[in-house]
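What follows is a single structure, written as structure tokens, with notes after it.
The values are calculated or read from the model by the stated rules, or taken from the named source; none is laboratory data. Here the structure is a predicted model, which is why all the values come from computation and not from measurement. Cβ coordinates were reconstructed from backbone atoms using ideal geometry, including for glycine residues, and neighbour counts include every protein chain displayed. Calculation scope for accessible area: heavy atoms of the full protein, side chains included, ligands and nucleic acids excluded. Shrake-Rupley method; radii C 1.70, N 1.55, O 1.52, S 1.80 Å.
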Amino acid sequence: MTSLPPQPLSPLDGRYRSAVGALGEHLSEAGLNRARVHVEVEWLIAQTDRGFFGSSALSDEQKSRLRSVVTEFGQVDIDELAGLEATTRHDVKAVEYYVRRRLELLGLDSIAELTHFACTSEDINNLSYAITVRDAVQQVWLPKYRRVIDRIAALAVEHRDAAMLSRTHGQPATPSTMGKELAVFAHRLSRIAAQVEATEYLGKFSGATGTFSAHVVAAPDVAWPTVSREFVESLGLTWNPLTTQIESHDWQAELYARVSHANRVLHNLATDIWTYISLGYFRQIPQAGATGSSTMPHKINPIRFENAEANLELSSAVLDSLAATLVTSRMQRDLTDSSAQRNIGVGFGHSLLALDNIERGLGEIDLDTALLAADLDDNWEVLGEAIQTVIRAEVVAGRSSITDPYALLKELTRGKRVGAAELAAFVESLEIGEDAKARLLALTPGGYTGIASKLVDELG
């Protein structure tokens, strides 16, 4: 058997690359290295702007040329960094040497020793991860997540009046509308979106143990915490003043927990839609050329929602592990976070793939309102709740002397199929006021949805 050429080990980088590839711009080794170069370059500019150790501020042209090292970062640079790391056996040191080479090429050798000045590797890494995760979330994951919410909300509005039999515990229950049920998911997911959007992306820049020790020895008169804060904030991050060698990763744990929570709500949506399809409430729209089963040609399998379930579970498994692992570091530093954080893209990748499946799946279903109406008409016994509740109100109002209305309706309906005629006869026999009796006689399962349709307006 011949050997295969190099193959991607993860399906995210193989089979599903087209759906999740945008994350690679940020949550890849190359994306991380570009961010590291960005941090090193901006630290050089920040130091020269302040004239540290007799340096002169760079001209606008020099700054532009130096920043182009980041903006024009590409495959040649990726390969060069890989070669440097093969020698240094240290990824951040390789970045430092890479930046020094660029300073030489730009004729800026005089500031070479300011490269990585007073930095521990984690000063560069924590800022780089914060930048790449922030950009991946804000530019890739959140927009897709928002599109899914918008699609659910649109379906909620479209089907706001589509009465349906509810299935609490899987049994016929008080009717709702499909629109209201979908609105519940849109509302839940929107709350989480707001929480994710409010994420603080923290950064530290304070040396080997978070004490500015080397900084103070080199320049005792500099207000280093102020410099650190200004530099971190210049990168669009929130400054963390109290850390060990590493930024404590609490913001990451908070973010990943929120995304994992979103995954679980989406998983609930996927299983409910799957069940509605199974019940026939939703018809699946045939897609040209698609095959549902290799042997049963009639089938259209709900694969979008099944694929979403699997990927949401994988995503949460990775993100939950990261949230649990990253908040612990032995004493002032250990490297467990180094390998763990390289899997951030895996966690977001499976979530993004699930979102893609859900978005596409929601566009391939159609509500069968006739079946919903037939299902309601087959379950008149669900009006038992309404009848016993009205009787209770009539008793309190002094218009009825019926005792234990619940038991009365339980005897009539529990475990039985009761039709329209039987319920009408039962209502006619009740000792209640004429207005209440008229309301109950006019009631149908399809009309017993309360204000479900109006509740959809709560989506705003």
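Below is a table of values for the structure above.
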item: Listing of helices (runs of 4 or more DSSP H) fully contained in segment 1-102 that carry 1 or more residues being farther than 20 Å from H116 by Cα and open to solvent by 70 Å² or more (accessible area, probe 1.4 Å); result: 17-20, 60-71, 75-88
item: Sole exception among (1) over 17 Å from L242 (Cβ atoms); (2) open to solvent by 50 Å² or more (accessible area, probe 1.4 Å); (3) in contact with a helix residue (DSSP H, G or I) (Cβ under 9 Å, 6 or more places away or on another chain); (4) among the hydrophobic types (A, V, I, L, M, F, W, C) for A186, by number; result: (2)
item: Extreme residue, least open to solvent (accessible area, probe 1.4 Å), among residues of segment 234-272 that are over 29 Å from S351 (Cα atoms) and free of Cβ contacts under 8 Å to residues at least 60 places away in the same chain; result: T243
item: Residue within segment 325-335 that is more than 25 Å from S121 (Cβ to Cβ), at pLDDT 85 or above and touching a His at 6+ places or on another chain (Cβ under 6 Å) present; result: no
item: Where a residue in segment 116-133 is hydroxyl-bearing (S, T, Y) and its partner, wherever it lies, is assigned to a loop (DSSP other than H, G, I, E, B), with Cβ under 7 Å and at least six apart; result: T120/G207; T120/A208; T120/Q245; T132/H26; T132/L27
item: Residues located in segment 167-182, provided they are under 10 Å from L455 (Cβ atoms), assigned to a helix (DSSP H, G or I) and open to solvent by less than 10 Å² (accessible area, probe 1.4 Å); result: G179
item: Where a residue in segment 397-415 is of a type outside the set (D, E) and its partner, wherever it lies, is open to solvent by 50 Å² or more (accessible area, probe 1.4 Å) and at pLDDT below 85, with Cβ under 7 Å and at least six apart; result: I402/L408
item: Of all residues in segment 136-163 being without any contact (Cβ under 8 Å) to a residue 60 or more places away in the chain and within 13 Å of the chain's Cα centre (by Cα), the one that is surrounded by the fewest Cβ atoms within 10 Å (Cβ to Cβ); result: P143
item: Lone unmet requirement of (1) at pLDDT 95 or above; (2) part of a loop (DSSP other than H, G, I, E, B); (3) over 30 Å from I192 (Cα atoms) for P241; result: (3)
